[in-house]
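Please read the structure below before turning to the comments.
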Amino acid sequence: MAQKSPMHPNTSKSKNTTGLLNWLVRCNTFDPSQFLYFTIDDVVVGNIHQSRVPLLGHHANVFQVFPEYVTLHPRLDTVESRTEAVEEVLQQWRKDGLITGWRDEKYRVSRSFDTPPLMLIERSVASLFGILNYGVHVNGLTTRDGVLHMWIARRSAQKPTYPGCLDHIVAGGLSAGMEAQEILIKECQEEANIPPELGQQARPVGTISFCMDDEQRLKRDIIFIYDLQLPEHFVPENSDGEVDEFYLWPIEKVMETTATTQQIKTNCNLVMIDFLVRYGYLCPEDSYYLEIVQKLRSPV
């Protein structure tokens, strides 16, 4: 017997697609002329804003600045030597108060997801160098009285980024040396007390990507998206202090909040919009549909 699908809004109903499109425009706005390429071994791995160039010039034994690009000193010819030399500079900047929100977590620096790292770098400065970031986001779903709902988290007010904003039930950056599935299981346990046997049921459903100038830092992100159907009786509980509260919302409220408020963490809005497209809450008859779909996977 076929399983009955959860109810969702009539796709002909008027929706605030302008508000949804605005998030996609915002997350894909930057002026390339304001940035220099960041290269390692003649491979472009990032972008650095022109305003940062004088700062790099103080460390000529690590960074070499040219008219169109910044690279590392030729003496730094291994992953280990590059990582160590750049880390020393970053620690000095941290001591001088130029870097906040230090995470003690390393990100891979590479040409693409499937290529070996050329260097590792502290997570909190990835956008300062325009490094390509990877993350994992989980749509925590459940059905109540035949209506599809999504669990929403409110980030701790003590978080160094986006304090107090709304977020997914589970989300995390892809640390160096870890696979997406490992991050998913780890964050499920820490952020929502989702046991591994349940977290493993999350389905990979695609990616979103964007490239955004965020206060002279270039955020180049690819997010791996998972859908996880949670039991109706399940209630998430935070274990790592990064979430203050959880809410269970019908998808209509998720869509309205995404389209009309600034409450949701910036990149989460794009994951929400992708969900609305995949589940038919947005359809080709809605205004800006094609533009919305195309901008969900912008070149990075």
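A few notes on this one:
- The distance between label points at E285 and Q50 comes to 4.9 nm (points 7 Å beyond Cα on the Cα→Cβ vector).
- 12 Å cut-off, amide nitrogen to a point 7 angstrom out along V43 Cα→Cβ, residues in region 104-147: 108-120
- The label point for D244 and the one for W102, both projected 7 Å from the Cα toward the Cβ, are 2.7 nm apart.
- Between T18 and S112, the contour length at 0.36 nm per residue exceeds the alpha carbon distance by 30.6 nm.
- Which of S127, S175, S112, S33 has the fewest Cβ neighbours within 10 Å, and the rest in rising order: S33, S112, S175, S127
- Net charge in the neighbourhood of I208 (other residues with Cβ under 10 Å of its Cβ; Lys, Arg +1, Asp, Glu -1) is 0.
- Length released on extending from E256 to Q181, taking residue separation times 0.36 nm less the Cα-Cα span: 23.9 nm
- Neighbourhood net charge (10 Å Cβ-Cβ; Lys/Arg +1, Asp/Glu -1) for L118: +2
- Charging the Cβ of each Asp and Glu at -1 and of each Lys and Arg at +1, and nothing else, the dipole of region 192-300 about its Cα centre rounds to 460 debye.
- Rounded to the nearest 20, the Cβ-based charge dipole of region 138-258 about its Cα centre (Lys and Arg +1, Asp and Glu -1) stands at 220 debye.
- Region 165-207-region 87-141 distance, computed between alpha-carbon centres (Å): 19 Å
- Selected from Q64, Q92, Q181 as most flexible by GNM, with the chain as the system and alpha-carbon contacts under 10 Å: Q92
- For the chain, adding -39500 (n - 2.57) for each run of n ≥ 4 DSSP H residues and dividing by the number of residues yields -7500 deg cm²/dmol at 222 nm.
- If you run the Gaussian network model on the chain, springs between alpha carbon atoms under 10 Å, then out of H59, H137, H168 the most flexible one is H59.
- Too-long pairs where the Cα-Cα distance tops 31 Å, listed order kept, from K219/K253; K186/K219; K15/K265; K95/K159: none
- Positive-end residue, the chain charge dipole about Cα centroid, Cβ charges, pick of N238, H168, W93: H168
- Residue exposure sequence - E187, E256 - by fewest surrounding Cβ within 10 Å: E256, E187
- As a proxy for reagent exposure, ranking E182, E242 by other Cβ atoms within 10 Å from fewest up yields E182, E242.
- Given +1 at the Cβ of Lys and Arg, -1 at the Cβ of Asp and Glu and no other charges, the dipole of the chain around its Cα centre is 560 debye to the nearest 20.
- The calculated FRET efficiency for E197 paired with R144, based on their beta-carbon distance and R0 = 30 Å, is about 0.85.
None of the figures in this text is laboratory data; all of them are computed from the coordinates on show. Predicted model, so just to flag it, every value in this text is computed and none were measured. Cβ coordinates were reconstructed from backbone atoms using ideal geometry, including for glycine residues, and neighbour counts include every protein chain displayed.
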